[in-house]
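Input: a single structure, listed below in structure tokens.
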Amino acid sequence: MSQFADLESCADVLERLEAWIDGDLDDAEAAAVKAHVDQCESCRAEQQLAEAVVAELRLMPEFDVPEKVLQTVQNKTRPAHEKKLGVFFESFKSRPAPALAAVAAVVVMALVLSPWRRPSEPQYTDQEVARAVAETRLAFAYVGNIAQRAEKRVKARVVDQGAAAQAVRGVWRSLRVIGEAGAETADLPATPPPEVKGS
Amino acid sequence: MRRQDFEAAVATHGRKVYTLALYLLANPEEAEDVTQEVLIRLWRRGHDVLPEKIRPWLVQVTRNACIDVIRRRKGSFQVAIDDGAGAKLHEPAPGPENLVHASQLGRRILRALDALSEPGRSVVILREIQGLSYQEIGEALEMPMSSVRVTLHRGRRRLRAELKEVHDHVAIC
């Protein structure tokens with residue numbers, strides 16, 4: 001049984017030691033524990049042990065995540081296309097010869113297909129370019145002129161054909177009239193006029 | 001979760017995850033496996049977690065993963081405790097006292113910590129070693145703050161009692 005006020009026994013005090021150290025007791029309880037501890041040697045030793053436990057725990061270190069764990073996490077959370085590149089670069093470590101051969105092949109293909117390897121374009125002076133442009137324009141104009149003339153000629157021919165057809169029709173119509181008149185007297189068959197294209 | 005947010009979270013909280021796993025499991029290899037599993041889960045499920053809740057979420061997931069490992073370990077230990085010739089088939093964990101270069105008292109505290117039951121052990125580790133607030137611990141362990149406080153004091157009281165027993169035993173011997 002405790003000889004100290006408000007707390008019945010050392011057990012009551014020991015049960016409150018941690019809360020008292022953390023400042024979690026109300027003022028009256030805290031004062032009672034302090035009064036007890038100040039006068040009770042065994043409870044004071046317990047208080048010192050309780051404080052040492054807390055101090056030791058707070059000295060315990062934290063640990064960095066091992067590099068291999070971070071690397072694995074990195075690999076397993078990377079997008080697929082990055083993984084493929086990662087696998088390729090990893091192959092440098094494990095099988096350098098095939099990886100180097102692959103790189104060499106890519107470099108050679110790039111050089112072969114690169115624009116630097118293509119024959120260089122001839123260099124023209126401004127004067128030559130201007131002359132080429134003028135000649136091209138002239139050529140187009142000539143072609144255009146020919147096309148225009150050809151079109152006119154075709155139209156004229158069609159018109160001519162149309163007129164000729166009308167004339168032929170007229171002649172045939174006359175001939176038929178004459179022929180029918182003649183057939184009535186000589187009993188000859190009537191002949192149709194020939195077909196004219198473009199009429 | 002965006003890549004940069006994930007990498008920032010790993011940089012900020014990865015250490016906490018691994019440390020918690022290491023103190024709970026007292027086995028570096030198992031702690032590495034759990035850390036890897038938890039961080040990958042963060043990448044897959046992180047978009048469901050509010051940025052300010054990432055730390056309690058990580059604590060909760062890590063602790064649950066560690067408890068699963070301990071359960072499996074106990075199961076395998078019961079099955080393969082002895083091969084009949086006295087030799088253990090299952091190697092026990094290296095022991096928490098071998099994790100750090102602590103003082104003699106520190107090593108005894110770690111051994112006593114390893115003997116604490118849950119959730120007391122997690123609360124002591126999270127509060128005293130990892131410095132989480134009562135609120136963060138409460139969120140992670142889904143406990144009211146008053147319960148966190150009571151559990152912490154009970155856990156430390158238990159550690160003190162264990163150390164006193166050892167001290168008294170040494171004094172008697």
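Only one of (1) under 29 Å from the mean Cα position of the chain (by Cα); (2) of a type outside the set (Phe, Trp, Tyr); (3) modelled with pLDDT under 70 fails for A:SER94. Which number is that?
(1)
For the stretch A:11-52, give me the residue count where each residue is hydrophobic (A, V, I, L, M, F, W, C) and in a loop (DSSP other than H, G, I, E, B). So that I can check it myself, show each step before the final result.
In the first step, residues of the stretch A:11-52 are kept if they are hydrophobic (A, V, I, L, M, F, W, C); the result is A:11, A:13-14, A:17, A:19-21, A:25, A:28, A:30-33, A:35, A:37, A:40, A:43, A:45, A:49-50, A:52.
Now drop any that are not in a loop (DSSP other than H, G, I, E, B), which leaves A:25, A:40.
Counting residues in the stretch A:11-52 that are hydrophobic (A, V, I, L, M, F, W, C) and in a loop (DSSP other than H, G, I, E, B) gives 2.
Among the listed residues B:ALA21, B:ALA11, B:ALA31, which satisfies the condition of being in a helix (DSSP H, G or I), within 12 Å of chain A (Cβ to nearest Cβ), among the hydrophobic types (A, V, I, L, M, F, W, C) and open to solvent by 10 Å² or more (accessible area, probe 1.4 Å)? So that I can check it myself, show each step before the final result.
Details: B:ALA21 fails: open to solvent by 10 Å² or more (accessible area, probe 1.4 Å); B:ALA31 fails: open to solvent by 10 Å² or more (accessible area, probe 1.4 Å).
Of the residues listed, the single one that is in a helix (DSSP H, G or I), within 12 Å of chain A (Cβ to nearest Cβ), among the hydrophobic types (A, V, I, L, M, F, W, C) and open to solvent by 10 Å² or more (accessible area, probe 1.4 Å) is B:ALA11.
Within the stretch B:35-44, is even one residue under 13 Å from the mean Cα position of the chain (by Cα) and modelled with pLDDT of 95 or more?
yes
Among the residues in the stretch A:33-55, are any open to solvent by less than 30 Å² (accessible area, probe 1.4 Å), touching a Gly at 6+ places or on another chain (Cβ under 7 Å) and modelled with pLDDT of 70 or more?
No, that holds for no residue.
Residues that are more than 9 Å from chain A (Cβ to nearest Cβ), modelled with pLDDT of 85 or more and open to solvent by 30 Å² or more (accessible area, probe 1.4 Å): does the stretch B:88-95 have at least one?
no
Every residue in the stretch B:115-140 that is among the hydrophobic types (A, V, I, L, M, F, W, C), farther than 24 Å from A:ASP12 by Cβ and open to solvent by less than 20 Å² (accessible area, probe 1.4 Å), please.
B:ILE125, B:LEU126, B:ILE129, B:LEU132, B:ILE137, B:ALA140
The values are calculated or read from the model by the stated rules, or taken from the named source; none is laboratory data. It should be emphasised that the depicted structure is a prediction, and the values quoted were computed from it without experimental measurement. Neighbour counts are summed over all protein chains in view; Cβ atoms, including those assigned to glycine, are modelled from backbone coordinates with ideal geometry. For the accessible areas, the whole protein counts, side chains as well, though only heavy atoms, and no ligand, DNA or RNA atoms are used. Shrake-Rupley method; radii C 1.70, N 1.55, O 1.52, S 1.80 Å.
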